[in-house]
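Report on the structure given below.
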Amino acid sequence: MKTKTVVLMITVAVMFIAGPANAQIRDETILTYMVLTEEWHDLIGGVLDLTEAEAEGFWPIYEEYMAVKGALWNERIDVIKMFLTGYDTMGPEVARGLLGASFEIDSKMVALERAYADRFDDVLPPAKVVRLFQAENKLEAMMSMEIAKDVPLAKK
């Protein structure tokens, strides 16, 4: 599934980029990503408990949404990579620039979610659209927590 591919790409990218700053990716991070990669699609489907008609309309839109979201995650990974690469030598201008880039990605994510919420409304009842975004937020929070554990705070 495309969704599994997006989550796998995020996993591999985070594991790959941590090296330059001598950061260690913990086994727990790798395990979390492996589980999410394997289970993401099933977790979303299970939370939504879609009828056949709902599934027929939902999954093509969701796969399209995840492709766009995956591109935004790649942008986020690039920012993390720049942070890790320049961790020991980063000046204030670069640090502030990376923060601005992070804010911009967050804004794009919210815009994407709003746009696709309207599209999901066309094929799902409102409660299922809310459940979708709740489930996604929880899964992404798990991923973000693991990344946060492996990325150091900016130096003083």
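The values are calculated or read from the model by the stated rules, or taken from the named source; none is laboratory data. Please read these numbers as outputs of a predicted model, since none were measured by experiment. Positions of Cβ are generated from backbone atoms using ideal geometry, with glycine treated the same way; all protein chains shown enter the neighbour counts.
Quick notes on this one:
- Among residues of the stretch 135-146 being without any contact (Cβ under 8 Å) to a residue 60 or more places away in the chain and not small (Gly, Ala, Ser), the one that is surrounded by the most Cβ atoms within 10 Å (Cβ to Cβ) is 140.
- Boolean, residue 99 is under 18 Å from the mean Cα position of the chain (by Cα), in contact (Cβ under 8 Å) with a residue 12 or more places away in the chain and surrounded by 11 or more Cβ atoms within 10 Å (Cβ to Cβ): no
- Single match in 57, 45, 86 (criterion: at pLDDT 95 or above and over 24 Å from residue 28 (Cα atoms)): 57
- Residue pairs meeting the criteria (Cβ under 8 Å; at least 6 apart or on separate chains; first modelled with pLDDT of 85 or more, in the stretch 71-82; second outside any helix (DSSP H, G or I) and not polar (S, T, N, Q)): 80/151
Condition check ((1) surrounded by 17 or more Cβ atoms within 10 Å (Cβ to Cβ); (2) out of contact with any Lys or Arg (no Cβ under 9 Å at 6 or more places or on another chain)) across all residues:
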site: 48; (1), (2): yes, no
site: 64; (1), (2): no, no
site: 80; (1), (2): yes, yes
site: 104; (1), (2): no, yes
site: 114; (1), (2): no, yes
site: 127; (1), (2): no, yes
site: 155; (1), (2): no, yes
